[in-house]
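Colleague: Quick one: structure below, then a few questions.
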Amino acid sequence: MTTMLGDVTPVGERLKAWRRQRRLSQLELASAAGVSTRHLSFVETGRSAPSRAMVLRLAEHLDVPLRDRNLLLVAAGFAPAYAETPLEEPRMDAVRAALGQVLAGHEPFPAVVVDRFWNLIDANDAAGLFLEGAPPELLEPPLNVLRLSMHPDGMARDIVNLPEWRAHMIDRVRRHVALTADASLARLYRELRDFPGGVAEITSPVGGGVVVPLRIRRDGGELAFFSTVATFGTPVDITVAELAIESFYPADAATTAFLRERAGW
């Protein structure tokens with residue numbers, strides 16, 4: 001649903017679209033936000049102009065991303081509330097330091113920092129394992145880690161459980177599209193979905209596992225990983241809000257031993 005700041009769609013129509021995206025009735029949203037259904041209806045139809053506080057309150061209860069909250073404010077005639085600071089700027093020193101500390105501290109296991117489109121922002125040395133053998137065109141910036149992993153010339157060639165892993169990752173992207181209503185992210189979803197490799201039915205992992213591992217072939221053997229995703233807890237900057245750290249952990253002892261040996265530990 002993200003559009004350019006120059007879009008002239010009225011704020012009421014934007015709020016109505018977000019409410020429908022969240023599958024909420026006017027009564028449900030009004031009750032959650034502490035406003036009358038009548039007033040919310042007037043806001044959505046343009047009969048009433050919402051205050052800045054009202055726009056932000058409704059956006060919060062609709063779980064609208066910070067980027068789109070700015071668009072709602074502009075559409076209502078107010079200045080944006082959230083900055084989008086380039087990660088290279090001095091005011092982001094603490095953020096960069098925190099990211100670097102997390103990445104370094106996760107060695108010898110892979111970890112990456114990605115933006116809202118899964119474009120690579122930073123990575124530790126161990127993450128180079130995932131880049132081995134990839135063609136140069138897939139490594140050109142912006143390097144999209146999902147495209148790299150699912151492209152038939154990328155990691156997909158070495159993923160042992162490709163249909164199973166693809167099913168879960170594609171569903172993960174689909175859920176992000178539903179959350180953000182972002183057209184660019186929706187295009188990425190369709191691109192990934194149309195890559196060859198199959199999609200297995202999403203079920204519990206074979207063998208009684210608790211997570212779906214990523215199994216890849218390396219150096220004549222098989223490595224297995226599961227991952228966790230971390231975000232900043234209280235972001236008020238768009239750049240920070242859209243960063244995510246994905247940390248990969250060995251799913252078996254053989255993978256642990258391989259990674260430690262590879263790092264010289």
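Colleague: When the helix-only estimate is applied to the chain (DSSP H runs of n ≥ 4, each -39,500 (n - 2.57), divided by the residue count), what is the mean residue ellipticity at 222 nm, nearest 500 deg cm²/dmol?
Modeller: Details: 12 runs with 116 residues, N = 265.
Roughly -12500 deg cm²/dmol at 222 nm, from the helical runs in the chain.
Colleague: Report the charge-dipole magnitude of region 90-262 in Debye, nearest 20, computed about the Cα centre from +1 at each Lys and Arg Cβ and -1 at each Asp and Glu Cβ.
Modeller: 340
Colleague: Next question, about the same structure. Where in region 230-256 is the amide nitrogen less than 16 Å from a point lying 7 Å along the Cα-to-Cβ axis of VAL210?
Modeller: Those under the cut-off are 249-253.
Colleague: Can you find, among GLY128, GLY46, HIS61, the residue sitting farthest towards the positive end of the charge dipole of the chain, where Lys and Arg contribute +1 and Asp and Glu -1 at Cβ?
Modeller: GLY46
Colleague: Can you give the angle from 0 to 90° between the axis of helix 11-21 and the longest principal axis of the chain, with both taken from C-alpha atoms, to the nearest 10?
Modeller: Compared with the principal axis, the helix lies near 50 degrees.
Colleague: Once you place label points 7 Å from the Cα toward the Cβ at ARG52 and ALA230, how far apart are they in nm?
Modeller: In this crude label model, ARG52 to ALA230 measures out at 3.5 nm.
Colleague: Need the full-extension length gain, ALA17 to GLU201, defined as separation in residues times 0.36 nm minus the C-alpha distance. One decimal, nm. Walk me through the numbers on the way to the answer.
Modeller: Working: separation 184, 0.36 × 184 = 66.24 nm, distance 3.13 nm.
Length gained between ALA17 and GLU201: 63.1 nm.
Colleague: Expressed in nm to one decimal, what extension gain is obtained for the pair GLN101 and ARG260 from 0.36 nm per residue of sequence separation less their Cα-Cα distance? Mind dumping the intermediate values first?
Modeller: Numbers: separation 159, 0.36 × 159 = 57.24 nm, distance 1.90 nm.
Taking GLN101 through ARG260 to full extension adds about 55.3 nm, to one decimal.
Colleague: Calculated FRET efficiency, ARG187 and ALA83, Cβ-Cβ r, R0 25 Å, to nearest 0.05?
Modeller: Values: r = 27 Å, r/R0 = 1.06.
So the FRET efficiency works out to roughly 0.40.
Colleague: May I ask which residue of ALA97, THR37, ASN161 lies farthest towards the positive end of the charge dipole of the chain, with charges of +1 (Lys, Arg) and -1 (Asp, Glu) on Cβ and the Cα centre as origin?
Modeller: Selected residue: THR37.
Colleague: In degrees between 0 and 90, to the nearest 10, how far off the longest principal axis of the chain does helix 162-180 point, with axes built from Cα atoms?
Modeller: 20
Read the figures in this text as sums done on the coordinates, not as results from a lab. Computed from a predicted model, the values in this text were never measured in an experiment. Backbone-built Cβ (ideal geometry, glycine too); neighbour counts: all protein chains shown.
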